[in-house]
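Peer 1: Mind having a look at this structure? Questions to follow.
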Protein chains: 2
Amino acid sequence: MSETKPIVLKIGGSVITDKDGELAARTAVINRLSEEIQKARVENLIIVHGGGSFGHPTAKKYGIKEGLREESQKLGFAETHHVMTVLNGLVMDSLVWHNIPAISVAPSCCVVTENGRIKCFNDAILKSYLRMGFAPVLYGDAVLDEKLGFTVLSGDQLVAHLAMKLAASRIVIGVDTDGLYDADPKLSKNAQLYTNLTLAELKKIQDKLDKSTASDVTGGMLGKVSELIPAVEQGIPVTIVNAAKANRVYKALMREAVEGTIIEKE
Amino acid sequence: MSETKPIVLKIGGSVITDKDGELAARTAVINRLSEEIQKARVENLIIVHGGGSFGHPTAKKYGIKEGLREESQKLGFAETHHVMTVLNGLVMDSLVWHNIPAISVAPSCCVVTENGRIKCFNDAILKSYLRMGFAPVLYGDAVLDEKLGFTVLSGDQLVAHLAMKLAASRIVIGVDTDGLYDADPKLSKNAQLYTNLTLAELKKIQDKLDKSTASDVTGGMLGKVSELIPAVEQGIPVTIVNAAKANRVYKALMREAVEGTIIEKE
């Protein structure tokens, strides 16, 4: 029975899968991350992972995010959930064999959204697992939606929701870049990393970028970060690190100094 | 949206796994059963499968059924649930590629037991899936228990619970013998198959066997059947067929004449 506040760790789909291959998992990376998680021995940990090349192409093929419009999409919904459980299975395999008492909790079994936003989350069992010292593992998933029939729930929305509902101490986001930049670091050599941001500073950046361009010039990172703002507003700091590089996630979990972007309320 | 009453189909762990191997799934059998399920086109179907050589050895190794007594068992609980998701993944793979809109619903995420009996089942989402035309797939699993900490929930208990709660029209049980015999058909050549039993007749057999021997001389089948009695009492007939033989499950789903044991209230 633990009294410490939980940490929510997100592992991006782009870190643990190869986006150029279909259903191509990076098992060596998954194993290294399991080692880092095991080494950090966080008492009260919730893990959320993304879909990468497993969930996204399948969901897109059948238009799952846009909701139920025709009968044939039902098989696509089943397929999208299934491929996510396959990726999750690889993650669980690695966690369990690294002696982490991890339990998968499928969002499709306990979350219902309304127009894509979490409306109802049966989290009593998840909380019991956490209290007993298990590490619940969730993931971006195909879920039922009260207005759309069904939709896609992103791992990022899940992270913010769980962190707020469980009064997490921190959120650690593992992505495939070193943090939040002022431009897409994969496209621009001059992209500057933000190391520390307050909520006010983050909003200023958002406003500036929103005005200057219709698309997300940060390579999609600002969109992900936006999803986390309600949690930061509630006083939960966010640390974004490069999970594709060794020991970054470990250091972030241990509260050690680490290259990355820290976003705090003030 | 379907108005017909659901059918609950149980596939025994001994049918889809090889009990002599560890984690050895019979994928050819799983695929044949998927074909039969697909061909039967049951509108309102719930599938439950057992653990066979995946769940049972792992659960036994860590004493999961007996509940939480020491810290080290937590990893065993995680491992038991994980190996069940691996077997379930193989079943889901086959169902989805056979164009069945099947959705796995992990009991560990939605069921809590009390001294091994289902106490609470968050089935709202499962019912939504069923209403929308999906086929929910559940399985024997490691679950949290209010008195024991955790335990093992059998697929048979799940089947009876779901059939009663969802007012199923029928239960079809696929096992690796032709039905319920008066002795273990694997040990006794003279074992006689019961083809039709009323609840009164079944209870008479139970009484006789209970008195004559401490163990279950029917090869474990009577124990499984006992779990289903409350559902039969509620008027839900049970058909036990040999799922290891081709077309038996198909015929049972189609209500065609089939070798097996039918148990009815009167």
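The values are calculated or read from the model by the stated rules, or taken from the named source; none is laboratory data. The structure displayed is predicted, hence computed values, not measured ones. Counting neighbours? That spans all protein chains shown, and the Cβs are built from the backbone with ideal geometry, glycine included. Heads up: the accessible areas ignore ligands, DNA and RNA and are worked out on the full protein's heavy atoms, side chains in. Shrake-Rupley method; radii C 1.70, N 1.55, O 1.52, S 1.80 Å.
Peer 1: Of all residues in region B:1-28, how many are open to solvent by less than 30 Å² (accessible area, probe 1.4 Å) and not in a loop (DSSP other than H, G, I, E, B)?
Peer 2: Final tally of qualifying residues: 9.
Peer 1: Evaluate the following for A:Lys74: is it in contact with a strand residue (DSSP E or B) (Cβ under 9 Å, 6 or more places away or on another chain) and modelled with pLDDT of 95 or more?
Peer 2: Yes, satisfied.
Peer 1: Please specify each residue of region B:14-45 satisfying the condition of being over 11 Å from B:Ala243 (Cβ atoms) and small (Gly, Ala, Ser).
Peer 2: B:Gly21, B:Ala24, B:Ala25, B:Ala28, B:Ser34, B:Ala40
Peer 1: Checking the structure you have, find out if any residue of region B:90-105 is open to solvent by 10 Å² or more (accessible area, probe 1.4 Å), within 10 Å of chain A (Cβ to nearest Cβ), charged (D, E, K, R) and in a loop (DSSP other than H, G, I, E, B).
Peer 2: For region B:90-105, residues open to solvent by 10 Å² or more (accessible area, probe 1.4 Å), within 10 Å of chain A (Cβ to nearest Cβ), charged (D, E, K, R) and in a loop (DSSP other than H, G, I, E, B): absent.
Peer 1: Within the set of pairs 6 or more residues apart or between chains, which connect a residue that is touching a residue at least 24 places away in the same chain (Cβ under 8 Å) and hydrophobic (A, V, I, L, M, F, W, C) inside region B:183-198 to a residue that is outside any loop (DSSP other than H, G, I, E, B) and open to solvent by less than 100 Å² (accessible area, probe 1.4 Å) with Cβ atoms less than 6 Å apart?
Peer 2: Partner pairs satisfying both residue conditions: B:Leu193/B:Tyr181; B:Leu197/B:Ile263.
Peer 1: Could you list all residues from region A:68-87 that are more than 8 Å from chain B (Cβ to nearest Cβ) and open to solvent by less than 30 Å² (accessible area, probe 1.4 Å)?
Peer 2: A:Gln73, A:Gly76, A:Thr80, A:Val83, A:Met84, A:Leu87
Peer 1: Here's a follow-up. Considering each residue of region B:129-141, count those that are open to solvent by 10 Å² or more (accessible area, probe 1.4 Å) and in a helix (DSSP H, G or I), and give that number.
Peer 2: 2
Peer 1: When you look at B:Ser108, is it touching a strand residue (DSSP E or B) at 6+ places or on another chain (Cβ under 8 Å), surrounded by fewer than 24 Cβ atoms within 10 Å (Cβ to Cβ) and in a helix (DSSP H, G or I), yes or no?
Peer 2: no
Peer 1: Let me ask you something else. For B:Ala40, state whether it is aliphatic (A, V, I, L, M), more than 13 Å from chain A (Cβ to nearest Cβ), in contact with a helix residue (DSSP H, G or I) (Cβ under 7 Å, 6 or more places away or on another chain) and over 25 Å from B:Val172 (Cα atoms). Show your work before the answer.
Peer 2: Working: aliphatic (A, V, I, L, M): yes; more than 13 Å from chain A (Cβ to nearest Cβ): yes; in contact with a helix residue (DSSP H, G or I) (Cβ under 7 Å, 6 or more places away or on another chain): yes; over 25 Å from B:Val172 (Cα atoms): no.
It is false that B:Ala40 is aliphatic (A, V, I, L, M), more than 13 Å from chain A (Cβ to nearest Cβ), in contact with a helix residue (DSSP H, G or I) (Cβ under 7 Å, 6 or more places away or on another chain) and over 25 Å from B:Val172 (Cα atoms).
Peer 1: With B:Asn99, B:Asn44, B:Asn31 as the choices, which residue is in contact (Cβ under 8 Å) with a residue 12 or more places away in the chain, closer than 20 Å to B:Met254 by Cβ and more than 20 Å from the chain's Cα centre (by Cα)?
Peer 2: After applying the criteria, what remains is B:Asn99.
Peer 1: Still on this structure, please answer the following. Which residues, taken from region B:142-180, are open to solvent by 30 Å² or more (accessible area, probe 1.4 Å) and either without any contact (Cβ under 8 Å) to a residue 60 or more places away in the chain or not hydroxyl-bearing (Ser, Thr, Tyr) (or both)?
Peer 2: Across region B:142-180, the qualifying residues are B:Glu146, B:Lys147, B:Leu148, B:Val152, B:His161, B:Met164, B:Lys165, B:Ala167, B:Asp176.
Peer 1: In region A:182-209, what count of residues is obtained for those that are open to solvent by less than 30 Å² (accessible area, probe 1.4 Å) and outside any loop (DSSP other than H, G, I, E, B)?
Peer 2: Final tally of qualifying residues: 5.
Peer 1: If I ask for residues that are under 20 Å from A:Phe121 (Cα atoms), more than 7 Å from chain A (Cβ to nearest Cβ) and open to solvent by 20 Å² or more (accessible area, probe 1.4 Å), which ones from region B:111-122 would you list?
Peer 2: Within region B:111-122, B:Lys119, B:Cys120 qualify.
Peer 1: Right, something else. Return the pairs, sorted by first residue and then second, in which the second residue is modelled with pLDDT under 95 and part of a loop (DSSP other than H, G, I, E, B), the first residue lies in region A:123-138 and is within 7 Å of another protein chain (Cβ to nearest Cβ) and under 18 Å from A:His161 (Cβ atoms), the beta carbons are less than 6 Å apart, and the residues are 6+ apart or on different chains.
Peer 2: none
Peer 1: List, please: which pairs have Cβ atoms under 6 Å, are six or more places apart or on different chains, and start with a residue in region A:237-255 that is more than 16 Å from A:Leu45 (Cβ to Cβ) and end with one that is of a type in the set (Gly, Ala, Ser)?
Peer 2: Cβ pairs passing all conditions: A:Ile240/A:Gly179; A:Ile240/A:Gly260.
Table: residues versus (1) hydroxyl-bearing (Ser, Thr, Tyr); (2) part of a loop (DSSP other than H, G, I, E, B).
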| site | (1), (2) |
| --- | --- |
| A:Leu87 | no, no |
| A:Thr113 | yes, no |
| A:Lys119 | no, no |
| A:Leu158 | no, no |
| A:Ala167 | no, yes |
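Peer 1: Can you name the condition, by its number, that A:Phe150 falls short on among (1) touching a Gly at 6+ places or on another chain (Cβ under 6 Å); (2) in a strand (DSSP E or B); (3) within 10 Å of chain B (Cβ to nearest Cβ)?
Peer 2: Condition not satisfied by A:Phe150: (1).
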